[in-house]
């Protein structure tokens with residue numbers, strides 16, 4: 001346990017010395033920071049000046065390289081001189097761009113640089129012209145132009161303007177250096193004054209602090225003991241965290257194994273469904289052939305038997321189709337933007353005949369747009385609404401109301417009906433595959449619709465549940481995540 005330190009009021013003299021000390025320290029820190037900033041700014045300006053002058057020298061060097069190569073070619077007609085000429089001309093453009101960027105904050109310097117660029121391009125045109133004349137066999141004419149010293153005049157003008165540009169950079173640097181020197185002297189004086197104040201304050205403060213220091217030494221012993229206890233607690237906490245990390249690793253391994261098992265089960269369902277269809281098709285074909293050949297010889301009992309066979313094979317065929325569709329959930333396409341209101345309207349169009357036949361009334365609040373699997377969401381709406389239409393009382397038309405509640409990450413949709421209701425003990429069983437309640441066996445179906453809904457909601461990182469009471473209708477609630485997510489994570 002950390003010991004408590006008895007608080008005592010400090011003498012007024014101590015507070016006074018402490019105040020002077022703090023003020024002086026703040027002043028020194030402020031002055032040092034200001035001086036450092038000024039020094040850094042001055043150094044940046046020095047570096048900037050040398051960068052400008054260096055780029056300017058590189059610019060003049062490329063022009064001279066081009067001039068030397070042109071002269072060599074004119075005098076010797078040796079094409080080997082052209083490669084360095086064209087290289088210098090090409091390099092000039094990048095060097096000038098760098099120079100222009102460096103002096104971008106000085107209008108007068110930009111004007112001088114633009115004048116240099118204009119003269120240089122005129123000089124390059126003159127040199128290109130003489131080179132082209134030599135290549136055309138007009139060497140004497142090219143030499144005559146060369147001997148007029150036109151190119152030399154361009155070069156003199158370029159170097160003159162470059163000299164002005166460099167001189168202006170030197171002038172700016174000198175002004176900034178003088179200003180920095182003045183400020184440095186002021187800062188040094190203020191720092192010296194602050195140091196005097198600090199020394200006086202420290203001398204007075206030491207005499208006042210000695211009694212407090214003795215108490216602090218005693219407190220330090222207690223703190224060391226507390227630190228040992230804290231270190232022991234941290235060690236125990238580290239062991240607990242290590243155990244938690246191991247549990248997380250084990251859970252991840254379990255998730256991976258569950259994913260693999262799920263994939264194997266889906267593959268098994270797909271293959272098994274295909275393998276079951278063939279014998280079922282064979283049975284149906286032979287029954288149909290038997291009826292066609294011997295139908296007139298069958299008595300009423302036999303006809304009822306065959307009708308039962310047809311009903312059973314159709315039921316089996318629907319179950320197989322449902323099993324196949326269940327194994328394919330989430331594999332139809334990638335997640336996309338889905339307008340749930342539009343998806344609901346599409347579903348109502350599909351169920352239009354059933355709604356009209358039942359005389360049902362369906363109302364809905366506006367639904368948002370989420371990122372999900374469009375076909376699966378249509379199937380979700382279709383199964384929930386079909387369930388509400390199917391399990392409606394015979395003496396009154398179905399009334400279905402759809403509401404919506406949104407949070408930051410999820411949307412919750414509730415589908416309320418006035419149907420026959422579900423006993424509380426069965427409200428979880430209805431989402432299991434092939435599970436049909438005794439009260440619902442008088443209604444057609446395979447017992448897979450709500451299992452589809454469960455899987456589709458899981459695919460969208462949500463949950464599905466029902467609130468219901470026998471004879472008073474049901475409200476199915478399901479949540480859907482709004483944004484994109486990892487399919488494997490959802491399926492796990």
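The values are calculated or read from the model by the stated rules, or taken from the named source; none is laboratory data. The structure displayed is predicted, hence computed values, not measured ones. Glycine gets a Cβ as well: all are built from the backbone with ideal geometry, and neighbour counts include every protein chain shown.
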- Complete set of residues in the range 130-144 that are more than 16 Å from residue 85 (Cβ to Cβ), without any contact (Cβ under 8 Å) to a residue 24 or more places away in the chain and touching a helix residue (DSSP H, G or I) at 6+ places or on another chain (Cβ under 8 Å): 141
- Message: Please go through the range 165-192 and give me each residue that is within 23 Å of residue 96 (Cβ to Cβ) and surrounded by 14 or more Cβ atoms within 10 Å (Cβ to Cβ), ordered by number.
- Response: 165, 166, 168, 169, 172, 173
- So residue 320 clears everything in (1) modelled with pLDDT of 90 or more; (2) over 30 Å from residue 483 (Cβ atoms); (3) crowded, with 17+ Cβ neighbours inside 10 Å except one condition, right? Which one? (1)
- Can you find even one residue in the range 86-108 that is assigned by TED's automatic domain parsing to the domain that holds residue 126, closer than 22 Å to residue 127 by Cα, more than 48 Å from the chain's Cα centre (by Cα) and surrounded by 15 or more Cβ atoms within 10 Å (Cβ to Cβ)? no
- Message: Let me spell it out: the conditions are (1) modelled with pLDDT under 90; (2) part of a helix (DSSP H, G or I); (3) in the same structural domain as residue 476 (by TED's automatic domain parsing), and residue 315 meets all of them except one. Which number is the exception?
- Response: (3)
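Name the one entry in 191, 158, 145 that is over 30 Å from residue 76 (Cα atoms), part of a helix (DSSP H, G or I) and in the same structural domain as residue 75 (by TED's automatic domain parsing). Full working, then the answer.
Working: 158 fails: over 30 Å from residue 76 (Cα atoms); 145 fails: over 30 Å from residue 76 (Cα atoms).
Step by step, each of 191, 158, 145 is checked, and only 191 is over 30 Å from residue 76 (Cα atoms), part of a helix (DSSP H, G or I) and in the same structural domain as residue 75 (by TED's automatic domain parsing).
Taking the options 137, 163, 151, name whichever one is over 30 Å from residue 27 (Cα atoms), in the same structural domain as residue 72 (by TED's automatic domain parsing) and in a loop (DSSP other than H, G, I, E, B). Reasoning before the result, please.
Numbers: 163 fails: in a loop (DSSP other than H, G, I, E, B); 151 fails: in a loop (DSSP other than H, G, I, E, B).
Going through 137, 163, 151 in turn, the sole match is 137.
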